[in-house]
């Protein structure tokens with residue numbers, strides 16, 4: 001185990017200056033998106049400079065936490081050893097209702113706290129309405145996951 005994995009081998013996101021606000025919000029049960037403090041455009045993933053006006057100033061805006069499945073893939077072996085027990089599982093791309101150009105990657109689960117493979121993969125459809133739920137992995141990381149809205 002290292003600082004990038006949990007004791008049972010799950011990968012953890014890297015907390016850096018650009019993303020820390022996102023992870024602090026998820027711990028509080030909020031989904032936020034980085035916004036340029038100058039031109040107010042939303043951007044994800046978080047980054048130090050606005051790609052539109054080149055401002056280095058940013059803020060965080062709370063999202064409604066609602067969106068639609070824009071795309072998905074079903075993960076099959078070979079996988080990292082810790083993920084084999086869940087295989088096959090889904091990985092979805094969600095276009096947020098707040099700004100459909102903002103897309104977040106996650107998993108569709110049956111309910112908050114449900115395991116990765118709690119949804120029958122044959123039921124996944126592009127265009128399905130979803131809403132965010134949160135799954136606490138440890139004291140620092142709470143993952144946004146998605147359920148049908």
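The values are calculated or read from the model by the stated rules, or taken from the named source; none is laboratory data. As the structure is a computational prediction, the values presented were derived from the model and not from experiment. With ideal geometry, Cβ positions are generated from the backbone for all residues, glycine too; neighbour counts draw on all protein chains shown.
Observations on the structure shown:
- Residue satisfying all of: in the range 30-42; under 19 Å from the mean Cα position of the chain (by Cα) and in a strand (DSSP E or B); surrounded by the fewest Cβ atoms within 10 Å (Cβ to Cβ) among these: 42
- Between 77, 45, 51, 115, the distinction of being in contact with a strand residue (DSSP E or B) (Cβ under 9 Å, 6 or more places away or on another chain), free of Cβ contacts under 8 Å to residues at least 12 places away in the same chain, surrounded by fewer than 16 Cβ atoms within 10 Å (Cβ to Cβ) and not in a strand (DSSP E or B) belongs to 51 only.
- Subset of the range 12-55 (residues that are at pLDDT below 95 and touching a helix residue (DSSP H, G or I) at 6+ places or on another chain (Cβ under 8 Å)): 13, 15
- Set side by side, the residues 62, 140 differ, and just one is within 17 Å of the chain's Cα centre (by Cα), modelled with pLDDT under 95 and surrounded by fewer than 16 Cβ atoms within 10 Å (Cβ to Cβ), which is 140.
- Number of positions in the range 80-103 that are free of Cβ contacts under 8 Å to residues at least 12 places away in the same chain and surrounded by 18 or more Cβ atoms within 10 Å (Cβ to Cβ): 0
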